[in-house]
Amino acid sequence: MPAPAAATRRWFAAVGALLAAGVLAFGAVVAYYRFIWEEKYKEGRDKLFPVAERRLRDGARWLRLVRGYPLDSEVALRLFEIDALDAPLGSEAALARLAVVGSVPEQLWEPVKATLEQKELLRRYSEMAGAISGAAEQQQGPQHGAATGGASAVPKIELTRVATIRRVRGPMSFSPDGQRLAIVGHLPEGAAPRPHMRGGVIQMWRVPEFKLDTLLVPPPELILSRKAARSIAFSPDGRLLAVGWEGGFVDLWDMAEGQWTRTLDLPLATIRGHPVPLEVTSVAFSPDGRRVVVATWRDVWLWDLESREASTMLNKGGIDKLAFSPNGALFGAIDERWLLVAEWPTGKATRVTGFLGDTRFAPAYALAFSPDGSTLATGSVVP
Amino acid sequence: MWDVRALLEGQKRYSYVVPGEFSAGVKVFDLAYFPKEDRLAIASDQGFYTRVPGRITHWTIEGLKEAWHVGISPDGRFMAVIGNFERRGLRAETKAVVWEVLRK
């Protein structure tokens, strides 16, 4: 094959350079779009669409869930009457607008109720009305610490502020008899300063006066290591108080004496050859009050208060919250990726429900059983 | 909101608080049920909420930026919230506010 002439080589070089420049330009455009324009777009979007509008879109997402639900024609008509938009009858936009900026008058629902024959329909619509009025309430601006409940079988409430407690960090817990409120924090104003104190004080407040009753101060040899608490729990009889601290400690306090009694000092874990503390994330007393369940980032420990022995109970780590059901028969734990429910103390019927891949539940931080034990509420990030 | 019986039977049955009922992006830090009633107190990075079936109420609390912990007395009479409160010209302050809960 003959060698290409110099002109042909130059032509190929020029084409190659052009192609390379094109690729670079394309990459620059993509990078601009991805990293610069998108940010500008987000900023502009936030300016253009205030919070109410974004909630409207959230409302639309919510309504998408009930879109397939059979809308009674009268319901749809009345929904449309309330809506001031020219959106199509019963459309997502009309309903979303309702969910965000409108509230449904009680008298409107009366004729609607009459047309609904199935109880299930009524239930769904009452939920929807609650959500709509709830959303509307959020738009009403400051209420100075007072708001009232809505249309529900549960009675409405009003809140009256009775106390403001400063120099606290949390967590907190009411005693089982309701006579005391324990809050982890700092030394209160006016208290005599203590050397090396770094915030590890438990303030005991008398209820209902909300007067400071006692201060639980760790012994001097422990003060340095008690900075921030992660969890606090009273024993079921109220005689003991367990506090889980950062650094891998759980302190036990005798409430009758107001004295520290003992500490569970968890062993160090090893990560890549380096010793690290087993950070405590949650503590809970067993229903009989004889053991303390301690969750850490690596595993769950069971601390027997009679034998003073502690052993690992569960090799699941990363638990953010532990809780017992009100009757003490069940035990719940939550991680950002799963929810565990087991019978206590046997551990039978252990069910681990994975959250992974289910964006509605990731990550989860909080857990609570309903008073009747039938429902378990978990707290996460609302998508 | 998980059905506990269904969980124990190995089913994954739940209902959840959906956008529209609850602002998107809310990060829930703590939960507590009121005793003897189906009312849930919710501490979050957007403030403090209570929820009864079908309804969520956002409580506008002066200065509250984030609510971290919520506690309810065993008789349901008092409720305490620990959170981050704004102060004009000063750093935000962590404090606890206690309310008496009055039922109508």
Exercise. Do you know which residues across the range B:50-87 are open to solvent by 40 Å² or more (accessible area, probe 1.4 Å), farther than 28 Å from A:Pro236 by Cβ and more than 7 Å from chain A (Cβ to nearest Cβ)?
Worked result: B:Lys65, B:Glu66, B:Glu86, B:Arg87
For this session: Only one of these is closer than 18 Å to B:Trp2 by Cα, modelled with pLDDT under 80 and of a type in the set (A, V, I, L, M, F, W, C): B:Val52, B:Val17. Name it.
Result: B:Val17
Exercise. Among the residues of the range B:49-58, is there at least one that is among the small types (Gly, Ala, Ser) and over 21 Å from A:Ala364 (Cα atoms)?
Worked result: yes
Exercise. Can you spot a residue in the range B:88-96 that is more than 7 Å from chain A (Cβ to nearest Cβ), over 14 Å from the mean Cα position of the chain (by Cα), among the basic types (Lys, Arg) and over 26 Å from A:Met204 (Cβ atoms)?
Worked result: yes
Problem set entry | Extreme residue, most open to solvent (accessible area, probe 1.4 Å), among residues of the range A:240-271 that are in contact with a strand residue (DSSP E or B) (Cβ under 7 Å, 6 or more places away or on another chain) and in a loop (DSSP other than H, G, I, E, B) | A:Leu268
Exercise. Any chance the range A:304-318 includes a residue that's among the small types (Gly, Ala, Ser) and open to solvent by 40 Å² or more (accessible area, probe 1.4 Å)?
Worked result: yes
Exercise. How many residues are open to solvent by less than 50 Å² (accessible area, probe 1.4 Å) and of a type outside the set (Val, Ile, Thr) when one looks only at the range A:201-214?
Worked result: 4
Exercise. Taking strands (runs of 3 or more DSSP E) that fall entirely within the range A:272-345, which contain at least 1 residues that are more than 20 Å from B:His69 (Cα to Cα)?
Worked result: A:274-276, A:291-296, A:300-304, A:310-314, A:330-334, A:338-343
For this session: State which residue pairs qualify: first residue hydroxyl-bearing (Ser, Thr, Tyr) and inside the range B:82-104, second residue in a strand (DSSP E or B) in any location, beta carbons under 7 Å apart, and separation of 6 or more residues or different chains.
Result: B:Thr94/A:Val168; B:Thr94/A:Arg169; B:Thr94/B:Ile82; B:Thr94/B:Asn84
Exercise. If you go through the range B:50-81, how many residues are farther than 19 Å from A:Pro171 by Cβ and in contact (Cβ under 8 Å) with a residue 40 or more places away in the chain?
Worked result: 2
For this session: Among the residues of the range B:23-49, write down those that are free of Cβ contacts under 8 Å to residues at least 60 places away in the same chain, within 19 Å of A:Ser374 (Cα to Cα), out of contact with any Asp or Glu (no Cβ under 9 Å at 6 or more places or on another chain) and open to solvent by less than 10 Å² (accessible area, probe 1.4 Å).
Result: B:Arg39, B:Leu40
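The values are calculated or read from the model by the stated rules, or taken from the named source; none is laboratory data. Treat the numbers as computed from the prediction; the structure is a model and nothing was measured. Note: ideal-geometry Cβ built from the backbone for every residue, glycine included; neighbour counts use all protein chains shown. To get the accessible areas, we keep the full protein, side chains included, count just its heavy atoms, and leave off ligands, DNA and RNA. Shrake-Rupley method; radii C 1.70, N 1.55, O 1.52, S 1.80 Å.
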